[in-house]
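Here the structure comes first, spelled out in structure tokens, and everything after it is commentary.
The values are calculated or read from the model by the stated rules, or taken from the named source; none is laboratory data. Please read these numbers as outputs of a predicted model, since none were measured by experiment. FYI the Cβ positions are ideal-geometry reconstructions off the backbone, even for glycines, and counts take in every protein chain you see. Surface accessibility is based on the protein's heavy atoms, side chains included, excluding ligands, DNA and RNA. Shrake-Rupley method; radii C 1.70, N 1.55, O 1.52, S 1.80 Å.
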Amino acid sequence: MSFVELSHTADVRIHVRAPTLDLLFSESFEALMQTIFGKDRRGGHSKEIRIAAADTETLLMDFLSESLFICEVEGLVFTGASVVTDGKSLTAVLDGEPFDRSRHAGGTEVKGISYSGLAITRDENDYMLDILFDV
Amino acid sequence: MIEGVKRTGTNEWEVPVGYIPGMRVPGRFFLSEALGAVLEPGAIQQLANVATMPGILQNALGMPDIHWGYGFPIGGVAAFSLDEGVISPGGVGFDINCGVRLITTPLEKKDVAGRGDLIDELFRSVPTGVGAKSSSLKGSAKSLDGMMIKGSRWAVENGYGTSRDLVRCEDTGCMKEADTGTVSAKAKQRGIPQGGTLGSGNHFLEIQVVSEIYDAHAAKAFGLAAGQVCCMIHCGSRGLGHQVCTDHLKVLEAAMRKYKITLPDRQLACAPLDSPEGKAYFGAMAASANYAWANRQMITHTVRQVLSRRFNIEYEEMPLVYDVAHNVAKFEEHEVDGKQTRVCVHRKGATRAFGPGAPDLPADLAGCGQPVIIPGSMGTSSYVLSGTQGAMERTFGSTCHGAGRVMSRSQAKKRQSGHEVAANLARQGIIVRAPHENAIADEAPDVYKPSDEVVGVVHDVGISRLVARLSPIGVIKG
């Protein structure tokens, strides 16, 4: 796992680190799904998303916000996302299953993805970011 | 206290201009020494960030439950001039008009204490938690429009309340500026199936008992008596409001370049109040606020139905004390530089606390000030206070909204399981129900600051006045 939860009293703040931008996005997605639905998630239903944005942070925000929307209106819970991105646009294939209250009620609803403190940086090995989910 | 912050009085502190570059006004917040010990530097940084926003008037304000959020700090209040000021979703939050209401009942503690069956029935009747959808209250595109345009009035017209409920809501439960044309199809899609649902996180429904009266005159006017059973409901605008914030944040973020506004936090994205982008957000925010009022009214209806059936009491015997919004921006009249001036007040995790004689108050409350409802945690007291002239003069008619967390959710879960928390509460005579034990662990009583300390500060500072204390005996967590 390449994300960890940082201390934040009111909301959920996650640090994500990954060797590629594709993985940085898919790990951020995993952090979001785990926050809402917990760890017991399975595949079977796939969904493709295509998004473009003016900058990489906004692209990530839009990707995660769109995922939230799909989960809520389609009643789906995703176990993973394969993301291909150049930082200005992305294609993501999400793999998931219908919401099952007996297994997916252990998390907390995420109301939105915040811009606060969101900046994607890079060292010699990895891309990284801190992201805040309003819960 | 955090370096660079100046003490200006008992429980009063200033963040001076220059604390960060670009501040237009000082920050000012109200905090006891004990609460100051757990104040996060991030909250003061966010308060200073707010002070850099165009058109801000007098001070960026922090209530005693100030803590680190996103955009504005939670417990943040700021008023903006209509000429030069801005509107920002970062000063409202994703959960637009998250708020709280209180109804009274003719029941006494002995009628409901230890009644797990009652809490179970309420838990079954009000949809809660992740993935919850409306149960018997079926939504449609038409009903959604009604909720967004008329707010609480739509709910009352559809049988979910009484006309008296309306006068006991802030703004009578409806912002007239609602514009459903600026609410996206996505937001509407999320809103339709969620009418009458509680949500999750810190949202709750509690059966409480009035355990102490501090101001007998105000308590009588509010309809509160010692030993009386009440029900408190805390929730907001659900996915509809969340989507409205997400959608307009993106638009306003882009508009910042157009209006040449630069701010230290992208979440403070804003636009001039009279700009097309600012007006569009305001209209959508007002529609979401109305949805939230209708939502709380629908939940109130369900609670009244259950209590009415169980205890053979009339629906009308469970009147609404008041309903307040925590996350909202509104146009209000306040005194600025000695003149009554129309301004746009943002309250993010803060409660309106209008004093005696305020025009928005119904006649029977005019002498006492507006009821202010401050929830505690599920093991600690909630409070009813009254708005004051002091709040009108110092905080644009605002006060705190709750206790404020001191511990993250992951820390809370590692420390104690939900089963342990529920067992501890049961030993104190408090029955807890939730869709999952994690929701109980997340919201354990001691992850919050002591609510009595927070309300003690607002009372001492004079921005609201203690009326009554309520103790929980049954809790439903979202």
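Worth a mention:
- Here the dipole of the protein assembly as shown is about 900 debye; that uses its Cα centre as origin and unit charges on the Cβ of Lys and Arg (positive) and Asp and Glu (negative).
- For A:SER65, the solvent-accessible surface computed with a 1.4 Å probe is close to 20 Å², ligands and nucleic acids excluded.
- Counted over all Cα-Cα pairs of chain B, pairs farther apart than 33 Å make up 31 percent.
- Residue pairs, from the table A:LYS39/B:LYS188; B:LYS6/B:LYS260; B:LYS150/B:LYS186; B:LYS186/B:LYS250; B:LYS220/B:LYS339, whose Cα atoms sit over 23 Å apart: A:LYS39/B:LYS188; B:LYS6/B:LYS260; B:LYS220/B:LYS339
- Mean per-residue shielding of peptide B:87-96 is 2, counting Cβ atoms of other chains within 10 Å of each Cβ.
- Summed over both chains, the contact between B and A buries some 3300 Å² of accessible surface at a probe radius of 1.4 Å.
- Separation of the B:ALA141 and B:ARG257 label points, Cα + 7 Å toward Cβ, nm: 3.5
- Average Cα contact separation per residue, chain B, under 8 Å, 6 or more apart, as relative contact order %: 22
- Translational diffusion coefficient of segment A:31-100 (Stokes-Einstein, Kirkwood radius from Cα pairs, 4 °C, 1.567 mPa s): 106 µm²/s.
- Heavy-atom accessible surface of segment A:3-134, averaged per residue, reaches 37 Å², computed with a 1.4 Å probe.
- Coupling constants for segment B:57-64 follow from the phi torsions by the Karplus curve (6.51 cos²θ - 1.76 cosθ + 1.60, θ = phi - 60°), and in residue order they are 10, 6, 8, 7, 10, x, 7, x Hz; glycine and proline get x.
- Per-selection metrics, the protein assembly as shown (Cα): Rg and Dmax in Å: 22.6, 71
- Calculated FRET efficiency, B:ALA37 to B:LYS339, Cβ-Cβ distance, R0 = 35 Å: about 0.30 to the nearest 0.05.
- Per-residue mean of C-beta atoms belonging to partner chains within 10 Å, peptide B:240-253: 4
- Total charge dipole magnitude, segment A:3-134, about the Cα centre, Cβ charges on Lys, Arg, Asp, Glu only, Debye to nearest 20: 300
- Calculated mean residue ellipticity, 222 nm, the protein assembly as shown: -9500 deg cm²/dmol, from DSSP H runs (n ≥ 4) at -39500 (n - 2.57) each, averaged per residue and rounded to 500.
- Proximal charge balance of B:PRO26 [Cβ under 14 Å; K/R count +1, D/E count -1]: +3
- Each residue, B:GLU3 and B:HIS217, gets one label point 7 Å from its Cα in the Cβ direction; the gap between the two is 4.9 nm.
- Principal axis dimensions, segment A:3-134 - Cα atoms, whole angstrom, descending: 42, 34, 24
- Dipole of segment B:296-454 [Lys/Arg +1, Asp/Glu -1 at C-beta], most positive-end residue of B:GLY418, B:THR399, B:ALA363: B:GLY418
- Mean Cβ count within 10 Å, highest first, over the residues of peptides A:18-27, B:460-469: B:460-469, A:18-27
- Counting, for every residue in B:407-414, the Cβ atoms of other protein chains within 10 Å of its Cβ and taking the mean gives 4.
- Backbone HN-Hα couplings from phi across segment A:90-97 [Karplus 6.51/-1.76/1.60, Hz, Gly and Pro as x]: 8, 10, 10, 10, 9, 10, x, 8
- The residue among B:GLY129, B:ASN97, A:TYR115 whose Cα reaches farthest toward the positive pole of the charge dipole of the protein assembly as shown, with charges on the beta-carbon of Lys, Arg, Asp and Glu, is B:GLY129.
- Rounded to whole numbers, the Karplus 3J(HN,Hα) couplings from phi for segment B:240-254 are 4, x, 4, 5, 4, 4, 4, 4, 7, 4, 5, 5, 5, 4, 5 Hz, using 6.51 cos²θ - 1.76 cosθ + 1.60 with θ = phi - 60°, and x at Gly and Pro.
- Using Cβ point charges alone (K and R +1, D and E -1), the dipole size of segment B:396-478 about the Cα centre works out to roughly 160 debye.
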